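Structure record follows, encoded as structure tokens.
The values are calculated or read from the model by the stated rules, or taken from the named source; none is laboratory data. Just so it is clear, the model here is predicted, and its values are computed rather than measured. Protein only, heavy atoms only, side chains kept; ligands, DNA and RNA dropped before computing areas. Shrake-Rupley method; radii C 1.70, N 1.55, O 1.52, S 1.80 Å.
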Amino acid sequence: MSEKHQGEESPGEKHHGLIAPPKDRFTSGTMAAMRFVAQRMLLKPVVWSITRVSVRGHEAVKGVKGAFIVVANHSSHLDAPLIMCGLPRRLGRYLAAGAAADYFFDIWWRRILTALFFNAFPIDRTGTAARQGVSKKLLGRGVPLLVFPEGTRSKTGEMAPFKAGAAALSISCDVPCVPVALVGASLAMPRGRNWPIPGRPPVAVIFGEPMLGLPGETPDQFSARIQREVRRLHSTAAASDEIPALPVIGQKSSQSRTISKGAA
């Protein structure tokens, strides 16, 4: 059953975690109001009408304030809209999504739409230094981030190992990671499709408790712990919503490569 978005802020309400100027599109109240219209009045009605969305875990993020990093599995173009529109408005108002620079920022119209709907910032998948450090600067200004640590959408729906970048950012900037499990998105709109399959397929968004690195924990260890939590949330939701769970890439058991209902 979907959660009702109670107590959401209006477009003009203040985000108390933001640091003072300089103002730009990431922190502008005017841009936030425009995103409110684009996300909640245009994007959400469309996505919610062509899929059956269940949102859970708002109580888990009630205490989150200031900057944070949303960390989620990634298998579909539905993923960012589901998270952006599923978060409580207080937390999603200034959320900035990391997007591949070589795809979402290569054409002017795609760059504008990505910035408008998702407050996106470019992530350079080539590893060159030109765009490195953007994530840390945004967190330092109080801007929360959405990161998909698998690096790209899964081609098969299988959850790949998480890269440690988000965990390293969390540790170095002393901000929490909010684990999010997206269930059913890869089946509703697999890679290669430009529109979800017919019939309003079910999808679920599950927010988990904020996580911080433990004393002495390395980014790799923290990243692995975050992924275990995402998988736990994913399996729990898959079992209760009767949406097939995802296997893990690299797991030896051939049974784990079969999509089975409620299986972790």
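Descriptive notes on the structure:
- Rg/Rh (Cα only; Kirkwood hydrodynamic radius) as it applies to the stretch 51-119: 0.98
- Length gained when the stretch VAL37-GLU59 is fully extended (0.36 nm per residue, less Cα-Cα span): 5.4 nm
- Amide hydrogen proximity for ARG200: with H placed 1.01 Å from N in the peptide plane, no residue at 5 or more positions away or on another chain lies under 5 Å.
- Solvent-accessible area of PHE26 with every protein chain in place, 1.4 Å probe, in Å² to the nearest 10: 30
- For the stretch 156-201, the alpha carbon positions stretch 44, 18, 16 Å along the principal axes, listed from largest to smallest.
- For the stretch 138-245, the per residue solvent-accessible surface stands at 41 Å², with DNA, RNA and ligands left out and a 1.4 Å probe.
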